[in-house]
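Asker: One structure, pasted below without further comment.
The values are calculated or read from the model by the stated rules, or taken from the named source; none is laboratory data. Only a predicted model underlies this, so the values are computations on that prediction, with no experimental measurement involved. Cβ placement follows ideal geometry from the backbone for every residue including glycine, while neighbour counts extend to all protein chains displayed. Side chains are part of the model used for accessible areas, which takes the heavy atoms of the whole protein and leaves out ligands, DNA and RNA. Shrake-Rupley method; radii C 1.70, N 1.55, O 1.52, S 1.80 Å.
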Amino acid sequence: MNKKPTASAADPVNAHEVFGPVATLMPYGSTAELVALVAAGGGGLVASVYADDKDFLAEAVAGIAPFHGRVTIGNEKVAGQSVSPGTVMPNLLHGGPGRAGGGEELGGVRGMSLYMQRVALQGPRAFVESFAA
């Protein structure tokens, strides 16, 4: 009996962070196994899940969402019309947990906070008030 190979969380693909538009294909036997494989990857910017099975989508998206900054969901109806999953979208977080950096560096208005600093001024009233004018 030929058994199909199954992926493992210990596979070398999970030990290396690959940057760029890359798709890693790994076989899995159940949605729980899929989630475990994704978790072993250490976090990512964007994950894409394409399916027409609503039950599978609900379980897969809920399972992998904690490991990504964004999850793109597609089905047969929208697959040809959707924006590329890695596109930087204004006002959205562009980053993710773990090796993805958790960054907001490209996230539109949210990213601007990286260049802003709050400070409390204490001193003579007239001088401090001159900054607020």
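Asker: With 5 Å bins from zero, work out the P(r) of the range 1-86 over every alpha carbon pair and list the percent per bin.
Answerer: That works out to 3, 13, 22, 25, 20, 11, 4, 1, 0, in percent per bin.
Asker: Now for a different question. By accessible area of protein heavy atoms, probe 1.4 Å, what ranking do E59, E33 get, highest first?
Answerer: E59, E33
Asker: Next question, about the same structure. If you count, for each residue, the other Cβ atoms within 10 Å and average over each peptide, how do 118-128, 46-56 line up from highest to lowest?
Answerer: Order by mean packing, descending: 46-56, 118-128.
Asker: With a 1.4 Å probe and all protein chains in place, put T72, T87 in order of accessible area, largest first. Don't skip to the end; give the middle numbers.
Answerer: Values: T72 20, T87 50 Å².
Ranked list, largest accessible area first: T87, T72.
Asker: Another question, if that's okay. Tell me the carbon and sulfur percent of the accessible area for the range 16-63, rounded to whole percent, probe radius 1.4 Å.
Answerer: Here it works out to 61 percent.
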